[in-house]
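Accompanying notes for the structure given below.
The values are calculated or read from the model by the stated rules, or taken from the named source; none is laboratory data. As the structure is a computational prediction, the values presented were derived from the model and not from experiment. We place every Cβ from the backbone using ideal geometry, glycine too, and count neighbours over all the protein chains shown. Each accessible area value is taken on the protein alone, full model and side chains, heavy atoms only, with ligands, DNA and RNA left out. Shrake-Rupley method; radii C 1.70, N 1.55, O 1.52, S 1.80 Å.
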Amino acid sequence: MGETGNSGEQRIVLITGASRGIGAETARLAAARGDHVIINYREKRARAERLAADIIAAGGSASTAGADITDLESVRALIEGVVERFGRLDVLVLNASGGLERQASPDYAMAINRDAQLGLVRTALPHMHSGARIVFVTSHQAHFHGRKPVPADYEPIAASKRAGEDGLRAMIPELTANGVGLNVVSGDMIDGTMIVRLLERRNPDAVSARRDHGPLPTIEDFAAAVVAATTAEAAPGHTTYIGGTDYMLANRT
């Protein structure tokens with residue numbers, strides 16, 4: 001793990017896929033409120049370390065941890081490293097996702113958006129105390145999968161992220177028995193994210209159709225909701241919705 005500021009008795013918050021975009025902004029905001037943030041990355045070590053350095057320079061506390069969350073051995077090493085250094089894990093933010101990568105195998109979306117999420121939770125749970133929190137980051141197109149149309153290019157992500165969410169919800173009895181909360185944060189397309197940029201290249205009409213319903217939420221808007229979900233008092237599995245008022249006409253679950 002990389003350098004850290006003064007972690008003291010701060011909450012220990014692990015954010016997957018946190019070297020850029022929503023994950024990076026979530027790390028900044030969580031650190032600003034006093035948490036120690038662990039910035040997980042897969043390949044972009046230098047970018048993660050720059051982010052940690054920026055957070056520390058601003059008076060916050062941060063460290064970095066490289067791991068491929070689709071590799072269970074890598075996940076085990078990640079969690080073991082967190083526990084060895086900090087003794088516990090207070091918050092796990094499941095932010096990393098994928099599936100639009102052109103070179104990805106056909107099963108990659110399900111591997112990262114379902115299997116990796118469940119593997120992380122199962123590995124981390126023994127080290128999470130009563131009062132700890134898990135936050136699953138998703139999109140409206142995934143959360144409402146099967147009830148609202150999805151751009152063809154996004155279908156593998158939507159289906160696999162919905163499967164990941166369903167798998168986590170199936171774990172609620174076990175999580176609750178351990179005193180660990182699960183919150184879901186679902187957003188419309190988030191302006192400025194990599195996934196929106198990729199969709200704009202492949203299917204610009206799909207993005208413009210979403211913009212027709214109103215301004216898309218920003219990365220800052222969405223990250224603020226994710227950070228709020230790490231402490232909000234809510235029923236197990238509660239979902240916070242950001243943007244996409246037309247989706248709210250559907251039944252919420």
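Is it the case that segment 114-124 has a residue that's open to solvent by 60 Å² or more (accessible area, probe 1.4 Å) and either closer than 14 Å to residue 14 by Cβ or within 13 Å of the chain's Cα centre (by Cα) (or both)?
Quick first cut of segment 114-124, residues open to solvent by 60 Å² or more (accessible area, probe 1.4 Å) only: 114-115, 122.
Keeping just the survivors that are either closer than 14 Å to residue 14 by Cβ or within 13 Å of the chain's Cα centre (by Cα) (or both) gives 114.
Looking for residues that are open to solvent by 60 Å² or more (accessible area, probe 1.4 Å) and either closer than 14 Å to residue 14 by Cβ or within 13 Å of the chain's Cα centre (by Cα) (or both), one finds at least one in segment 114-124, hence yes.
Please specify each residue of segment 55-104 satisfying the condition of being among the charged types (D, E, K, R) and touching a residue at least 24 places away in the same chain (Cβ under 8 Å). Explain how you work it out, then say what you get.
Kept after step one, since they are among the charged types (D, E, K, R), are these residues of segment 55-104: 68, 71, 73, 76, 80, 84-85, 88, 90, 101-102.
The answer is 68, 76, 85, 88, 90.
Any chance you could count how many residues in segment 80-102 are crowded, with 21+ Cβ neighbours inside 10 Å and under 17 Å from the mean Cα position of the chain (by Cα)? Let's see the steps before the verdict.
Start the filter on segment 80-102 by keeping residues that are crowded, with 21+ Cβ neighbours inside 10 Å, which leaves 82, 89, 91-99.
Going one step further and asking which of them are under 17 Å from the mean Cα position of the chain (by Cα), we end up with 89, 91-99.
Count: 10.
Residues checked against (1) in a loop (DSSP other than H, G, I, E, B); (2) among the acidic types (Asp, Glu); (3) at pLDDT 95 or above:
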{"site": "53", "(1), (2), (3)": "no, no, yes"}
{"site": "56", "(1), (2), (3)": "no, no, yes"}
{"site": "59", "(1), (2), (3)": "yes, no, yes"}
{"site": "73", "(1), (2), (3)": "no, yes, yes"}
{"site": "84", "(1), (2), (3)": "no, yes, yes"}
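Look through segment 129-172, keep the residues that are under 13 Å from the mean Cα position of the chain (by Cα) and charged (D, E, K, R), and return whichever of them is farthest from residue 113 (Cα to Cα).
133
Check segment 190-207 and report whether any residue there is over 20 Å from residue 235 (Cβ atoms), touching a Leu at 6+ places or on another chain (Cβ under 7 Å) and modelled with pLDDT of 65 or more.
yes
Tell me which residues, restricted to segment 90-113, are in contact with a Leu (Cβ under 6 Å, 6 or more places away or on another chain) and part of a loop (DSSP other than H, G, I, E, B).
Applying the first criterion (in contact with a Leu (Cβ under 6 Å, 6 or more places away or on another chain)) to segment 90-113 yields 92, 100.
The one that is in contact with a Leu (Cβ under 6 Å, 6 or more places away or on another chain) and part of a loop (DSSP other than H, G, I, E, B): 100.
Within segment 139-170, work out how many residues are under 18 Å from residue 217 (Cβ atoms) and surrounded by fewer than 18 Cβ atoms within 10 Å (Cβ to Cβ).
1
Step by step: first the residues of segment 208-253, then only those that are acidic (Asp, Glu) and more than 15 Å from the chain's Cα centre (by Cα), then the one that is modelled with the highest pLDDT. Which residue is that?
From segment 208-253, those acidic (Asp, Glu) are 212, 220-221, 233, 246; that's our starting set.
Narrowing the set further to residues that are more than 15 Å from the chain's Cα centre (by Cα) leaves 212, 233, 246.
Values: 212: 53, 233: 91, 246: 67.
Out of the qualifying residues, it is 233.
How many residues does segment 125-137 hold that are among the β-branched types (Val, Ile, Thr) and surrounded by fewer than 18 Cβ atoms within 10 Å (Cβ to Cβ)? Give the steps one after another, and end with the answer.
In the first step, residues of segment 125-137 are kept if they are among the β-branched types (Val, Ile, Thr); the result is 134-135, 137.
Of the ones still in play, those that are also surrounded by fewer than 18 Cβ atoms within 10 Å (Cβ to Cβ) are none.
Qualifying residue count, segment 125-137: 0.
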